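Working notes, structure below.
The values are calculated or read from the model by the stated rules, or taken from the named source; none is laboratory data. These figures come from a predicted structure and were not determined experimentally. Here the Cβ positions follow ideal geometry from the backbone for every residue, glycine too, while neighbour counts run over all protein chains shown.
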Amino acid sequence: MSRKFPIAAVVVLLSAALAAGCVGPSASSRDKIQRALSVNTTTSVDEYLLGATDVVQVSVWRNEDLSITVPVRPDGKISVPLVGDVQAAGRTPQALADDIENSLARYIRQPQVSIVVTSMGSHEFSHRVRVTGAVEDPISMPHRPGMTVLDIVLSAGGTTPFAALNKSMLYRKVGGEIVAIPIRLEDILNDGDVSTNYAIRPGDILSIPERSF
């Protein structure tokens, strides 16, 4: 004989399931948040690694004929007079300079090479910050030193009337992991409490959800 569940019990179960499906993303642990906030906010990497579409100026001291400005090709290499193709992508400018110096040493005496990155095309997107959700103009913009949460919210035209301000979340990639940092945006905008008006790091994403009605 089959058992029948009371209607009230079914309603409770359905409500619980719906509520579980509506739960928003939770914040990361306090330790992870503290580590994420302690990361330097001026650069996205400790050392700049060259990539395809970057443009580099190769200067060889006292050898202007060997000094050139070239883009890093899609295969990750650049062409240098006398040396030929040299791997550039995935290396620091100093490592590239050292490699070119070693190769030129077969042709000229004690070469001194310097590398200047004149265009960082490969980092065009990794050096941007983004604002999504309940803002007037969701936006992706280049990172600038000194940027804060409030700066990027204002750059997005401010929030909509439906924004759940104090449920905002800042997502930051640290060591291959995405850390979710709670932002009390209502406190910042309406109460002058700037304790969560954190400095922004390249690659950060600020998400502002809408209120549930």
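Give me the pairs: first residue in the stretch 183-210 and in contact (Cβ under 8 Å) with a residue 60 or more places away in the chain and outside any loop (DSSP other than H, G, I, E, B), second residue among the polar types (S, T, N, Q) and surrounded by fewer than 19 Cβ atoms within 10 Å (Cβ to Cβ), beta-carbon distance under 6 Å, and six or more apart or on different chains, which are they? These pairs meet every condition: 199/148; 207/132.
Taking the stated definitions as given, is residue 85 more than 30 Å from residue 205 (Cβ to Cβ), in contact with a Lys or Arg (Cβ under 7 Å, 6 or more places away or on another chain) and modelled with pLDDT of 95 or more? So residue 85 fits the description; yes. Within the stretch 166-206, if we keep just the residues that are polar (S, T, N, Q) and surrounded by fewer than 20 Cβ atoms within 10 Å (Cβ to Cβ), the residue that is nearest to residue 122 (Cα to Cα) turns out to be 197. Quickly run through the stretch 99-129 and pick out the residues that are among the charged types (D, E, K, R) and part of a strand (DSSP E or B). Once the filter is applied, which keeps residues that are among the charged types (D, E, K, R) and part of a strand (DSSP E or B), the stretch 99-129 yields only 128. Within the stretch 140-166, being farther than 12 Å from residue 208 by Cβ and either in contact with a His (Cβ under 8 Å, 6 or more places away or on another chain) or not in a loop (DSSP other than H, G, I, E, B) (or both) holds for 140, 141, 142, 143, 148, 150, 151, 154, 155.
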